[in-house]
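For reference, the structure is listed below as structure tokens.
Coordinate-derived values only; no laboratory data. All values reported here derive from a predicted model rather than from experimental measurement. Using ideal geometry, Cβ is built from the backbone for each residue, glycine included, and neighbour counts are taken over all protein chains shown.
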Amino acid sequence: MNAATLIALQEIDTALDAIVNKRPRLAEVAAHQAATATLKTLRASIAAAEGRVAAAQAAIEAAEHASAELTKKRTRLEAQLKTVIAPREAEALMHEIATINSQRGGLDDDELAALDSLGEGEATLAALQADLPGGEAQLAAALAALNTANAGLDAEAAELSARRESSVAQLTPDELNHYQQVRAQFGGVGVARLEGSHCSGCHMDLSPAELDGVKSAPAGEVPECPQCGRILAR
Ligand SMILES: [Zn+2]
């Protein structure tokens, strides 16, 4: 058994596993998520302010249109008033004109309120839009930092993978199979070291007879820890 190669392979695989675990926990991931959320909130606020501005503009237009219609009607009634002779008819027309004037007053109030709302909405929108370039720049910077961090891990992983290939090339197919089985069985760490009389995998002491068994294993065989079953490299 090529004990040194198995230990090296185990160390490489452990380091590769650590990189996989590290990726989602990078500080850059959290920073990127925070910048994304901030920008999303900002864009939602901008959309809400735009909606408020549009609603105010529509209300102003509606009030102006209704007011223009009433003015047309009043002009018609005023022309009619000049031609009537019967006082009762004139009175009825004047009453109608007064009603129109009062309705127009109500529309003017509506338009003023909508103008206020428009002014406030536009001021809010302008302030929010001013924050947008900063938010976008922050997200771009966070993404760049995340990409840099991931590229660093990619490079580490590539270097480890190259070393892994050369370690694997030094093992027989049986040794490699056995290694992969115990690695899967023990959740990633299938190779332990014999440290004095104890196994670095399960931390159990081997009896003198077990120790002799491990130490006297023939060169071609892969000794296992009699306690936990990990490959025991000497
Ligand atoms: Zn053990």
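Placing +1 on the Cβ of every Lys and Arg and -1 on the Cβ of every Asp and Glu, with no other charges, gives the chain a dipole of roughly 180 debye about its Cα centre.
The value of relative contact order for region 175-233, using C-alpha pairs under 8 Å at least six residues apart, is 33 percent.
Nearest 10 degrees is fine. How inclined is helix 173-185 to the longest principal axis of the chain, computing both from alpha carbons? Rounded to the nearest ten degrees, it is 50.
Tell me, what is the Rg over Rh of the chain, with Rh the Kirkwood radius over Cα pairs? Over the Cα atoms of the chain, Rg/Rh equals 1.60.
Working from Cα pairs under 8 Å separated by at least six residues, relative contact order for the chain is 31 percent. Listed by chain and number, the aspartates and glutamates whose alpha-carbon sits under 19 Å from that of residue 215, ignoring those within fewer than 8 places in the same chain, are 175, 195, 205, 224. In the chain, the DSSP-assigned H stretches of four residues or longer account for a calculated mean residue ellipticity at 222 nm of -28500 deg cm²/dmol, using -39500 (n - 2.57) per stretch and the full residue count as denominator.
Computed from Cα atoms alone, the Kirkwood hydrodynamic radius reported for region 152-219 is 14.3 Å.
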